[in-house]
Each structure stands twice: as structure tokens, then as C-alpha cells.
Amino acid sequence: MPLLGDYYQEDLYAGRSRRWGRIAWAYLRRLLALGQSRAFDLLWIEYELFPWFPATAERLLARVRTPFLVDYDDPIYHRYELHGSRLVRLLLADKIDMVMRRATAVTVGNDYLGERARAAGARCVEYLPTVVDLERYRTDPPFGGGPFTIGWIGSPSTARYLVPLAPMLANFCQARGARLVVVGPRDVRLDHVPLELKPWSEVTEVADILGFDVGIMPLPDDPWERGKCGYKLIQYMACARPVIASPIGANRQIVEHGVNGFLATTDEDWRSALDMLYAAPELRARLGRAGRQKVETSYCTQVTAPRLASLLKMAPSAHRA
């Protein structure tokens, strides 16, 4: 029972204003469903039950002894505790800590999130990384005959991470006849960078990634970004594409420098990695194969789904104990 329907994501990617009436109905529908919570063996919650509201519902679940598991692949506690509004910080700064503390179990996508859950007093913390379904991701070789293609896929809100790389990318693309393909945002401004924008679709995202020669994931070293779980890196690697990423958060767990990609901090690091990959197709192929192998062993549903299923089955009995 997702809180919001597909319309919310579609509006986000299309740049449309939020449909507040539908959002209010979604909150009401969830509230009505929770009236039946005593009939549930277990509630599996993504992040929180009601974003931007106090954790009243989670407190009530704990009071009536309905076990619930919460899952985090972003540090959403920073959304509240670092908010610009003093009122938001006053009312909600400790909300997620409270939810973690009352949960039967907390699943986290990286070590940064796990450390927070343990500090909050969570009784059970399990590491479950962000994963992909291998059956959806092919490993076709890159398209031949076109320019060297640097690729990035993501949401409109995260396209800003590309901006600091713009001068380096412009210089590299001019020198190498390369281009940047950005999948997701409708409007990205990177001066002097040869740029192609593609709309995101679940149906076409794998084909779009297969058009990349290298996938990139730049990030600033800020609190929110330290908690991100590297989903786009896993997507690139599942398609056997080499990656270049900032050594922030889960990126350091996913990328083995020189094995399945490169970690880059400075413009010089980024340029050096791009130059090496541009000049050596065999290096791109080798790193891509290593990336795919890592996804097959650690970052796919085929590996993690049984672990998750076991945790869901055990959680109610653990709660009673």
C-alpha cells in the first residue's frame, strides 16, 4: 500500500505542481488502513508512516504491540533535524530516532544508516543493500560508431550534483569528441558540455544505460549524501558498465578502485579516470565485467530477497520475545 501513487513521481519528473487533494486523500486512506493494525502479523514500513507529521502512529503501533519493521536507504532524519525551519526541527528532529527505537527491526542500505539506527537504540539492525533484479539488466556491448558517452541517471532533484563537474566535462568532451547523456531531469544546464537529455521510464532505463560507455555518480561530502545507497552505480554495474564515483557513503562500499571502476575526488581524478577509460576499450570491458560480478554476488534480489524473507518471517516472533 504505497502512500502516494505513480502520479506523484510523474509530477515530479514533469515539473508539475503537487496535487494536494490527492496527497491528503492518500494520508487519510493510510490512516483508515491502520485502524486494522491489530489484525496484521507485521507491518513493513518504508521510512515512516506519515511524512512531516509526528510519530504518533508508530507510537500507537508499539503500544498495541503490533510489530513493525522499518527500512531506510536515505538518511531522512537529516530532512528534519537539518531543516531551515526552527519549528520543524523542534517538532520532528528526533522523530526517526524514535521510530527506529520502537521498531521490531530496522533494515539499512549502508553503514552510515546503520550507525544512526544503533545510536538511536534500535533493538535489531540488519544490513540490506539497495539491489536490482538481474533478469531486467542485460550486458550488451556499447553501441558502436558513436561518440564516447558518459552517462548519468537520476531524479531532477539530484541533477545538481553534475554542476561542479561541468568545466571538467566540457574540457574532456571537447578534447575527446565525447558527450554526456542525462536520463531523468527535464532541464539541466551545464555550460559548454555536449548534452543529451532523455526522459526516464522504467521500460527504457536499461536500454538507456546500455548506451553509456561509463556511468558516473558525483556527490558532495554532505550529511544527506553520506547516507545515499548508490543505486545508480548498481544499475550501471548490472549492465557491465565501468563507473566513476565520488568516495562518499555507500559508493566506497560498492566501487573497488581499479577493479570495477574508479573513485574520484578532484577534477584531476575525474579527468584521469575518464582519459583512461576513453583510451582503453579493453579496460572498460574488464571493469564492466567485474562490476557485473559484484552485483551478482552482493547487490541483486536473487541474493538478498531470501534474507529479507527470512527477516520478515522471524520479526513477529522476535517482537513477542
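The values are calculated or read from the model by the stated rules, or taken from the named source; none is laboratory data. Bear in mind the structure is a predicted one, so any value in this text is a computation, not a measurement. FYI the Cβ positions are ideal-geometry reconstructions off the backbone, even for glycines, and counts take in every protein chain you see. Note: areas computed on protein heavy atoms with side chains; ligands, DNA, RNA excluded. Shrake-Rupley method; radii C 1.70, N 1.55, O 1.52, S 1.80 Å.
Across the chain, C-alpha contacts under 8 Å between residues 6 or more apart give a mean separation that, scaled by the residue count, equals a relative contact order of 15 percent.
Under the simplified labelling scheme, the Phe143-Asp267 pair shows an inter-label distance of 3.0 nm, with each label point 7 Å from Cα along Cα→Cβ. Using a 1.4 Å probe on the protein chains only, how many percent of the accessible area of the stretch 168-223 belongs to carbon and sulfur? Carbon and sulfur together cover 45 percent of it.
Annotation for the stretch 250-321 versus the stretch 173-229: alpha-carbon center distance of 18 Å.
In the stretch 176-321, the inverse of the mean reciprocal separation of distinct Cα atoms equals 16.8 Å; this is its Kirkwood hydrodynamic radius. Think of it as helices only: each DSSP H run of n ≥ 4 in the chain is worth -39500 (n - 2.57), and spread over all residues that comes to -13000 deg cm²/dmol at 222 nm. Split the chain at each of the trypsin sites (Lys or Arg not before Pro) in a DSSP loop with at most 13 other beta carbon atoms within 10 Å, and the longest piece is 190-321.
First check a/c for the stretch 17-120, with a ≥ b ≥ c the square roots of the eigenvalues of its C-alpha gyration tensor; if it is under 1.5, answer rounded, and if not, answer prolate when a/b is larger than b/c or oblate otherwise. The shape class here is oblate. By its C-alpha gyration tensor, with a ≥ b ≥ c as the square roots of the eigenvalues, how is the chain shaped: rounded for a/c under 1.5, else prolate for a/b larger than b/c, else oblate? Here the chain falls in the prolate category. Shown in residue order for the stretch 9-23 are the 3J(HN,Hα) couplings computed by the Karplus curve 6.51 cos²θ - 1.76 cosθ + 1.60 at θ = phi - 60°: 5, 4, 5, 4, 6, 8, x, 7, 6, 5, 9, 5, x, 5, 5 Hz (x for Gly and Pro).
Anisotropy class assigned to the stretch 66-172 is oblate, per the alpha carbon gyration tensor with a/c at or over the 1.5 cut-off and a/b no larger than b/c.
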